[in-house]
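Trainee: This structure is in structure tokens; I'll ask about it shortly.
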Amino acid sequence: MSPRVGTSKGPIPVVLDVDTGIDDALALLVAVRSVEIDLVGVGTVAGNVSAAVAARNTLRVLEVAGASSVPVAIGAARPLVEPPHEARWVHGEDGLGETNQPQPQRPPSDEDAVDQLLRLSQEHAGELVVVAVGPLTNLAIALTRDPSLADRLARIVLMGGSARSGGNRSAWAEANIACDPEAAELVFGCSVRRTMIGLDVTMQVKLEEADVQTLAQQDDAGGRFAAEILPFYLDAYASWTGERRCALHDPLAVAVVADPGLVTTYPLPTRIELHGHQTRGMTVVDLRALMRDDPANDVAVTDVALDVDVQAARSFVLRRLSGRSD
Ligand code: BDR
Ligand code: CA
């Protein structure tokens, strides 16, 4: 993936769209600690928890990370068609591993997340990268409300979907896409260049107990915060997979913006299954395009990450969680 799509030099202006969530919290920490990224705003969406709880959690993470000036705007309270479907068994009743975090000291912005996205796209026209690590509801609403948004975005990097690795919400649907398939179909059909960081790569990059112990010993509030919220996530993975190792879904999407070489992507036509009884919310990736010499070149093509440098990605995320920007 090429992150430098615009013309100016310096850090890439990024707006994060989150449903914070334990791995969303890690993604926020990675974004704040990455010199390659200028985090210009965060929008929240209903997913792992409600959009309002996601905003509270986001404000808390940013406070811990010393990034209290980044605006946090609440977005869509529910998916376009599906009823809300929270994932509290994975992230805890509070979304942060039931760690009883204090209330953040500042409130969310008065602005809605969709308005914030549209405003930021004007202020950083041609440069703004949207990193969406929750359901794609806000982005779909923004693209519908103002179709010219597509011309102002440099790229969308999304955590979601699966090309050939099956699903986690259902046999073939990944949670973020399954939460709001109609929104995802709109985003996967828009004209903005986009990168899909799906289960094919995120399920390979994992943390385990020893990493949590290392983070807990850091002389860094962000690292210790990560160590505090991770045990609940490890337990959820243990009950699901039998292994106490958790995937770094959302942090990997942010890491790829800072270091595109962590993954290998392929331009592949990709759409969302909206009707299947067993497959609603599946990302239907046309892998036949891998066999063609000339890459498919239509609006439905997404740069799909199929390979990841596991050690480099793990080490990148761990360094940033520990407060290191190298
Ligand atoms: C995605 O689903 C959510 O539970 C996680 O935060 C991540 O964004 C993984 O499928
Ligand atoms: Ca998420």
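Trainee: Select, from Leu321, Leu248, the only residue that is in contact with a strand residue (DSSP E or B) (Cβ under 8 Å, 6 or more places away or on another chain) and either hydrophobic (A, V, I, L, M, F, W, C) or closer than 14 Å to Lys206 by Cβ (or both).
Mentor: The conditions single out Leu248.
Trainee: Report yes if Gly95 is out of contact with any Lys or Arg (no Cβ under 8 Å at 6 or more places or on another chain) and not in a helix (DSSP H, G or I), otherwise no.
Mentor: Criteria not met by Gly95.
Trainee: Among the listed residues Leu62, Leu80, Leu39, Leu29, which satisfies the condition of being in a loop (DSSP other than H, G, I, E, B) and in contact (Cβ under 8 Å) with a residue 12 or more places away in the chain?
Mentor: Leu80
Trainee: Still on this model: Quick check on segment 81-96. Is at least one of its residues on the phi > 0 side of the Ramachandran plot and away from ligand 1 (no atom under 15 Å from the Cβ)?
Mentor: Scanning segment 81-96 turns up no residue that is on the phi > 0 side of the Ramachandran plot and away from ligand 1 (no atom under 15 Å from the Cβ).
Trainee: Could you name every one of the helices (runs of 4 or more DSSP H) located completely within segment 156-232 that has at least 1 residues being on the phi < 0 side of the Ramachandran plot, crowded, with 22+ Cβ neighbours inside 10 Å and within 14 Å of ligand 2 (Cβ to nearest atom)?
Mentor: So the answer is 175-179, 181-188, 199-202.
Trainee: Right, something else. Mind telling me which of the residues Ala313, Ala305 ends up being in contact with a Leu (Cβ under 7 Å, 6 or more places away or on another chain), crowded, with 18+ Cβ neighbours inside 10 Å and under 30 Å from Gln218 (Cβ atoms)?
Mentor: Testing whether each residue is in contact with a Leu (Cβ under 7 Å, 6 or more places away or on another chain), crowded, with 18+ Cβ neighbours inside 10 Å and under 30 Å from Gln218 (Cβ atoms) leaves just Ala313.
Trainee: Here's something else I'd like to know. Going by the structure shown, is Asp250 under 16 Å from Ile22 (Cα atoms) and buried (at least 18 other Cβ atoms within 10 Å of the Cβ)?
Mentor: Judged against the criteria, Asp250 is a match.
Trainee: Filter segment 104-163 for residues that are of a type in the set (Ser, Thr, Tyr) and over 18 Å from the mean Cα position of the chain (by Cα); which is nearest to Val72 (Cα to Cα)?
Mentor: Once the filter is applied, the top-ranked residue is Ser109.
To keep it simple, each residue is scored yes or no on (1) assigned to a loop (DSSP other than H, G, I, E, B); (2) without any contact (Cβ under 8 Å) to a residue 24 or more places away in the chain; (3) small (Gly, Ala, Ser); (4) open to solvent by 10 Å² or more (accessible area, probe 1.4 Å).
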position	(1), (2), (3), (4)
Thr99	yes, no, no, yes
Arg106	yes, no, no, yes
Asn138	no, no, no, no
Ala150	no, no, yes, yes
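The values are calculated or read from the model by the stated rules, or taken from the named source; none is laboratory data. Only a predicted model underlies this, so the values are computations on that prediction, with no experimental measurement involved. Here Cβ is always computed from backbone atoms with ideal geometry, including for glycine, and neighbour counts include all displayed protein chains. For accessibility, only protein heavy atoms count, side chains too; no ligands or nucleic acids. Shrake-Rupley method; radii C 1.70, N 1.55, O 1.52, S 1.80 Å.
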